[in-house]
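Working notes for the structure below.
The values are calculated or read from the model by the stated rules, or taken from the named source; none is laboratory data. Predicted model only: the values in this text are computed from it and were never measured. Neighbour counts run over all protein chains shown; Cβ positions are idealised from the backbone, glycine included.
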Amino acid sequence: MLDKLREALLEGKKAEVEALVDQALAAGLPTRQILNDGLIAGMEQVGVLFKNNEIFIPEVLVAARAMNAALSKLEPLLVKDKVEPKGVVVIGTVKGDLHDIGKNLVAMMLKGAGYKIVDLGADVPADRFVEAARSERAGVVALSALLTTTMIQMKAVVEAVRSAGLAIPVIVGGAPLTQDYADEIGARGYAPDAASAVDVVRRILA
């Protein structure tokens, strides 16, 4: 049954994914197993295919939509069963930048990998990242920027997190960025795409 769930998720068949989750619950499968061996395993496959250029952003978005629908069914049961997320990631697009497609994709992929996502949206000032990181007890702060004129705001966030005395790693991504720039501003990680962002977060929080 979980094989079918993973397959339906890969193909982005939302109604089928929801039906298979219902069937798995009716069959008495533990919610943790449906989450880990069905949804998270399926989204991991999506990430691998995306990284290998075997599928593209539209297919990832369709799979993520199906995954979100299934998660909304499971979430109340996961809370009841006290299944904790793997970690908390505060994510947002930096101040002055209104682009959010890449950021949304990263948030979806991380959610699909079992992390709790606190999405601050776009045009987020440094102090808002600090405030959310502190109040949500974040394990990682993830920053996105699509413009060379706004990516400089990432340094301000890294410095603000440090000045606030928070030992929370900051990771960055977006079209104009490079590993060199991430190193230069003191970010703990850089991801060139959404699937790589999951790997970076997993490595940092391991």
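Would a scan of the range 12-21 turn up a residue that is in contact (Cβ under 8 Å) with a residue 24 or more places away in the chain and either within 30 Å of Pro169 (Cβ to Cβ) or touching a Cys at 6+ places or on another chain (Cβ under 6 Å) (or both)? No, there is no match, as no residue in the range 12-21 is in contact (Cβ under 8 Å) with a residue 24 or more places away in the chain and either within 30 Å of Pro169 (Cβ to Cβ) or touching a Cys at 6+ places or on another chain (Cβ under 6 Å) (or both). If you go through the range 62-77 and keep only what is within 16 Å of Ala194 (Cα to Cα) and surrounded by 15 or more Cβ atoms within 10 Å (Cβ to Cβ), you end up with Val62, Ala63, Ala64, Met67. Note on the range 177-197: residues that are more than 23 Å from Asp127 (Cα to Cα) and over 20 Å from the mean Cα position of the chain (by Cα) amount to 1.
Tallying residues that are surrounded by fewer than 18 Cβ atoms within 10 Å (Cβ to Cβ) and either in the same structural domain as Glu44 (by TED's automatic domain parsing) or in contact with a strand residue (DSSP E or B) (Cβ under 7 Å, 6 or more places away or on another chain) (or both) within the range 182-191 yields 1. Any residue that is in contact with a Ser or Thr (Cβ under 9 Å, 6 or more places away or on another chain), outside the structural domain of Ile171 (by TED's automatic domain parsing) and crowded, with 22+ Cβ neighbours inside 10 Å - is there at least one of those in the range 39-50? Looking for residues that are in contact with a Ser or Thr (Cβ under 9 Å, 6 or more places away or on another chain), outside the structural domain of Ile171 (by TED's automatic domain parsing) and crowded, with 22+ Cβ neighbours inside 10 Å, one finds at least one in the range 39-50, hence yes.
Within the range 62-86, being under 15 Å from the mean Cα position of the chain (by Cα) and among the polar types (S, T, N, Q) holds for one residue alone: Asn68. The residues listed here are Glu7, Glu59; of these, the one that is more than 17 Å from the chain's Cα centre (by Cα) and free of Cβ contacts under 8 Å to residues at least 60 places away in the same chain is Glu7. With the condition kept exactly as written, say whether any residue in the range 15-26 is crowded, with 16+ Cβ neighbours inside 10 Å and at pLDDT below 95. No, the conditions are met nowhere in the range 15-26.
Close Cβ contacts (under 8 Å, 6 or more residues apart or on different chains) running from residues in the range 132-160 that are farther than 14 Å from Gly92 by Cβ to residues that are assigned to a strand (DSSP E or B) comprise Arg137/Val88; Gly139/Val88; Gly139/Val89.
Residue-by-condition table, conditions (1) surrounded by 23 or more Cβ atoms within 10 Å (Cβ to Cβ); (2) assigned by TED's automatic domain parsing to the domain that holds Asp100; (3) outside any strand (DSSP E or B):
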site: Asp127; (1), (2), (3): no, yes, yes
site: Leu143; (1), (2), (3): yes, yes, no
site: Thr149; (1), (2), (3): no, yes, yes
site: Met154; (1), (2), (3): yes, yes, yes
site: Ala160; (1), (2), (3): no, yes, yes
site: Asp180; (1), (2), (3): no, yes, yes
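Within the range 169-178, the set of residues being loosely packed, with under 15 Cβ neighbours inside 10 Å and either of a type in the set (Phe, Trp, Tyr) or in contact with a strand residue (DSSP E or B) (Cβ under 9 Å, 6 or more places away or on another chain) (or both) comprises just one member, Thr178.
Residues in the range 102-136 that are closer than 18 Å to Ile55 by Cα and of a type in the set (Val, Ile, Thr): Val106 alone.
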